[in-house]
Structure formats: structure tokens, C-alpha cells
1. Need the failing condition index for LEU56 against (1) assigned to a loop (DSSP other than H, G, I, E, B); (2) at pLDDT 75 or above; (3) hydrophobic (A, V, I, L, M, F, W, C), just the number.
2. Residues of the stretch 47-83 being within 21 Å of the chain's Cα centre (by Cα) and either of a type in the set (Asp, Glu) or at positive phi (or both), which ones?
3. Taking interchain pairs and intrachain pairs at least six residues apart, which have beta carbon atoms under 8 angstrom, with the first residue in the stretch 23-35 and at positive phi and surrounded by 10 or more Cβ atoms within 10 Å (Cβ to Cβ) and the second modelled with pLDDT under 75 and among the β-branched types (Val, Ile, Thr)?
Amino acid sequence: MRWRTGYHSFDVAPSPIEVTAHDVHAYPITDHHRRAACAAIIILAGYDQTVYGAVLPVFVRDPSWHLSKVNAGYGGSAAFLGC
């Protein structure tokens, strides 16, 4: 494909990604896709819990937070449930 601007012309490579409606319907969502999505969700939820567990001792020790171990446990449970 040639592209022209004024006095200059040069070759333009076709777009490497051209998605059509046929392409979208040719590759349906399979069980593999569903499993990969679930694994990603579980990993991201686990990351939240890891960060919560890393900062929790600091919050419990700091008296300005007024956070008991029981309340910290409730917070961790609520975070795991997505509340």
C-alpha cells in the first residue's frame, strides 16, 4: 500500500491487528478461558489479603487506630468476602 502526502510517497505496512466480526465469533469462550479468568480473580484477591496481613501488625500495635485483634480479624474476613 502506498501513502502519498504532497511530494512524498512511501510504503505503509498493513495493520498487524485487524479484527472482524467473523474473528470474534470464530473463537468462542471455552472452559480454558473461564478457568484462566477465575485464577486471575483468585490471585488478585490473594494479593489484597497479603497486603492486609503485612500491614495488620503495625495497625494493631499503633494505639491511635484503636484496633483490637478481634476487630482486625473481622476486617480480614470482610475483605476476603469483598465487603
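1. (1)
2. Of everything in the stretch 47-83, those that are within 21 Å of the chain's Cα centre (by Cα) and either of a type in the set (Asp, Glu) or at positive phi (or both) turn out to be ASP48, GLY82.
3. Pairs that qualify, where the first residue is at positive phi and surrounded by 10 or more Cβ atoms within 10 Å (Cβ to Cβ) and the partner is modelled with pLDDT under 75 and among the β-branched types (Val, Ile, Thr): there are none.
The values are calculated or read from the model by the stated rules, or taken from the named source; none is laboratory data. Predicted model only: the values in this text are computed from it and were never measured. Reconstructed Cβ throughout: ideal geometry from the backbone, glycine too, with neighbour counts over all protein chains shown.
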